[in-house]
Amino acid sequence: VASLWSYHDYTTIAPGALSDALARHALAPARRTRILARTRDILNRNFPAIADWLDAQGGFSYSPPDAGAIVYARYHYPVNSTELVTRLRIEKSVLVVPGDHFGMDGYLRIGFGDSPAYLHAALDRVRDLLCSI
């Protein structure tokens, strides 16, 4: 294993040629403007939705992110974050990141960059699980 880590470093230090070419093509100026507009639209629609959802649950506190599609939400339920996330994954097929992976038990890292319908469906499943805690 130790000897393989050096190979890992060389194979993952930079993107592969195909990945790099595809990224440059996708992010060419003409496409970049369209991609950024689409992304801004999704984030501008989804953050208010996730903020409203978090506020409605009554068991969360959070600060709006300065940028990006991730919110760290502190929850006030008597369960470890990895245990909660494991239950969400197994019982509700929802993926979020447990705060204790960052030394912040009692928090969840929730992404909101997908389509609004997908986000709302996932939040409904999270709410269903939280009602059982």
Among (1) modelled with pLDDT under 95; (2) surrounded by fewer than 16 Cβ atoms within 10 Å (Cβ to Cβ), where does Gly111 come up short? (2)
Which members of the range 36-85 meet the condition of being of a type in the set (Lys, Arg) and in contact with a helix residue (DSSP H, G or I) (Cβ under 9 Å, 6 or more places away or on another chain)? Arg45, Arg74
Suppose the filter is out of contact with any His (no Cβ under 6 Å at 6 or more places or on another chain), crowded, with 16+ Cβ neighbours inside 10 Å and part of a helix (DSSP H, G or I); does Asp100 pass it? yes
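Kindly indicate whether Ala117 is hydrophobic (A, V, I, L, M, F, W, C), modelled with pLDDT under 95, more than 18 Å from Ser132 (Cβ to Cβ) and open to solvent by 60 Å² or more (accessible area, probe 1.4 Å).
Working: hydrophobic (A, V, I, L, M, F, W, C): yes; modelled with pLDDT under 95: yes; more than 18 Å from Ser132 (Cβ to Cβ): yes; open to solvent by 60 Å² or more (accessible area, probe 1.4 Å): yes.
So Ala117 fits the description; yes.
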Of the residues Arg74, Arg125, Arg89, only one is open to solvent by 70 Å² or more (accessible area, probe 1.4 Å), assigned to a strand (DSSP E or B), charged (D, E, K, R) and out of contact with any His (no Cβ under 8 Å at 6 or more places or on another chain); which? Arg74
Which residue out of Ser81, Ser19 is open to solvent by 40 Å² or more (accessible area, probe 1.4 Å) and of a type in the set (Gly, Ala, Ser)? Ser19
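Looking for something among the aliphatic types (A, V, I, L, M), surrounded by 14 or more Cβ atoms within 10 Å (Cβ to Cβ) and in a helix (DSSP H, G or I) - is there at least one such residue anywhere in the range 27-48? Even if it seems obvious, please write down each step before you answer.
Pass one, the range 27-48, residues among the aliphatic types (A, V, I, L, M): 27-28, 30, 35-37, 42-43.
Keeping just the survivors that are surrounded by 14 or more Cβ atoms within 10 Å (Cβ to Cβ) gives 42-43.
With the extra rule that they be in a helix (DSSP H, G or I), the set shrinks to 42-43.
Looking for residues that are among the aliphatic types (A, V, I, L, M), surrounded by 14 or more Cβ atoms within 10 Å (Cβ to Cβ) and in a helix (DSSP H, G or I), one finds at least one in the range 27-48, hence yes.
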All but one of (1) in a helix (DSSP H, G or I); (2) open to solvent by 60 Å² or more (accessible area, probe 1.4 Å); (3) over 16 Å from Arg127 (Cβ atoms) hold for Asp52; state the number of the condition that does not hold. (3)
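The values are calculated or read from the model by the stated rules, or taken from the named source; none is laboratory data. Small disclaimer: the values here were computed from a predicted structure and weren't measured. Don't worry about glycine lacking a Cβ; one is built from the backbone with ideal geometry, like all the others, and counts go over all protein chains shown. The area values use the complete protein model at the heavy-atom level, side chains included, leaving out ligands, DNA and RNA. Shrake-Rupley method; radii C 1.70, N 1.55, O 1.52, S 1.80 Å.
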